[in-house]
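The values are calculated or read from the model by the stated rules, or taken from the named source; none is laboratory data. None of these values were measured; they are calculated from a predicted model. Neighbour counts are summed over all protein chains in view; Cβ atoms, including those assigned to glycine, are modelled from backbone coordinates with ideal geometry. These accessible areas exclude ligands, DNA and RNA; they are computed on the full protein's heavy atoms, side chains included. Shrake-Rupley method; radii C 1.70, N 1.55, O 1.52, S 1.80 Å.
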Amino acid sequence: MISDHRLSALTYQFTAFGDDERTSSLPFVAASRLMAEGIGFGGEGDLIAAAATTFFNWLNPPASFSEIFTIDFAGESLFMSHMGEANVGMARRDRKVPLVARPTPITRTRDRQLALVTSFEPGPATLAALTIGPRSAWRIIAAPGMIKDYGPLPEFCVPHFKIRPLTPVREFLTRYAKSGGPHHNAVCLGDALRRLRMAAEMIGADYCEI
């Protein structure tokens, strides 16, 4: 479908696959590998997140779709994860990426639901998000951080990693929320701030840096 329709990004609502009894599995591995090939992705039908992952990958590759799953307040970090999708090309280089079957299916499928348990290479990174701000204007939110030496944990069946914002995590969360930070976001390896700032100017988008 990506090739036939010459898509630069894709999204799907994974529970909808269970509505068709012909569905053999969920395309978590495919989404993870496609991101490594430069195809953007957004989970749960999130078109803006899919477009953002492609856009950020053009600006400062590699980039991956992600989500702030929960907060490690003691470690001043964000625990990032999703159902089964992360850019496997950003995996840490010192260990293999486990391919696992989910012990509990998300929705009805004929076969097992596989995922690559990707944890990202530690080092400098940029958390970025594309959203719609006041007056229906595009807005880019960007924050520098460090991907921590963390994962993959053996008991996890989904991609996961931690990123520590340079801003204290409570302040980061407050500013992210007040900036209109969306549920889904993206992570680029390295410092992407300058390119994101320039891109915002070129497309006439608001730019919020945390």
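One table, with the values for the structure above:
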item: Trypsin sites (Lys or Arg not before Pro) lying in DSSP loop within the range 46-132, provided at most 10 other Cβ fall within 10 Å; result: Arg93, Arg95, Lys96, Arg110
item: Under 5 Å, built H, 5+ apart or other chain: amide partners of Trp138; result: Gly133, Asp206
item: For Asp46, residues with placed amide H under 5 Å, excluding near neighbours; result: Tyr12
item: Environment charge of Pro62, counting only residues whose C-beta is closer than 12 Å and scoring Lys/Arg +1, Asp/Glu -1; result: -2
item: Taking the range 106-210 and dividing mean pair separation by its residue count, relative contact order in percent (alpha carbons under 8 Å, at least six apart); result: 36
item: Neighbourhood net charge (11 Å Cβ-Cβ; Lys/Arg +1, Asp/Glu -1) for His183; result: -3
item: Distant-in-sequence amide H partners of Thr23 (H built 1.01 Å from N, under 5 Å); result: none
item: ³J(HN,Hα) computed for each position of the range 187-201 - Karplus, 6.51 cos²θ - 1.76 cosθ + 1.60, integer Hz, glycine/proline x; result: 10, 10, 6, x, 8, 9, 4, 4, 5, 5, 5, 5, 5, 4, 5
item: Residue-wise HN-Hα coupling along the range 42-58, computed from phi with Karplus coefficients 6.51, -1.76, 1.60 (Hz; x: Gly, Pro); result: x, x, 6, x, 7, 5, 5, 5, 5, 5, 5, 4, 5, 4, 5, 5, 5
item: GluC sites (Glu not before Pro) within the range 1-70: DSSP coil, no more than 11 neighbouring Cβ in 10 Å; result: Glu21, Glu37
item: With every protein chain in place, the range 1-74: carbon and sulfur % of accessible area (1.4 Å); result: 55
item: Stretchable slack from Thr104 to Thr174, in nm (0.36 nm times residue separation minus alpha-carbon distance); result: 21.8 nm
item: Distance cut-off 32 Å, percentage of C-alpha pairs in the chain lying past it; result: 14
